[in-house]
Amino acid sequence: MAKKSEDEGKSCPIARSINIFGGKWKPEAIYFINLGPKRFNELRRLIPDVSQRMLTQQLRELERDGIIDRKQYLQIPPKVVYSMTELGKTLIPIFKELEEWTTKNNNKIQKSRTSYDKKNT
């Protein structure tokens, strides 16, 4: 029996998309890798709050989905470099749109949060 895809059963295409690049650390990893190929420890320094285990998991998921490429060099000490794939690069305009939307609406969001918090405390 074939293994079911994580996306099977999700009727919302946005949920399927978010499953690919969503996750607490995936957007940051994509952002930094898009600036240029990065080694694992570079990413750990750039994303200081992520644990080694979680970063490894998120990178593996991005690699599995074809968003990033992992190249291992056979040398001492071992060297692994992550870079964006052509598929991954197609996400960048979407991320830029999200950034623009956030910048444009940040004040409205903050006012809404403040108003909500006042009503619910």
For region 29-121, list the helices (runs of 4 or more DSSP H) that sit wholly inside it and hold at least 2 residues that are under 12 Å from the mean Cα position of the chain (by Cα); which are they?
52-64, 92-119
Kindly indicate the residue of region 63-84 that is free of Cβ contacts under 8 Å to residues at least 40 places away in the same chain, of a type outside the set (Lys, Arg) and in contact with a helix residue (DSSP H, G or I) (Cβ under 9 Å, 6 or more places away or on another chain) and also surrounded by the most Cβ atoms within 10 Å (Cβ to Cβ) among those meeting that condition.
ILE68
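Where a number appears in this text, it was derived from the coordinates with a stated rule and is not lab data. Just so you know, these numbers come straight off a predicted model, no measurement behind them. When we count neighbours, we look across all protein chains shown, and the Cβ atoms used for this are built from the backbone with ideal geometry, even at glycine.
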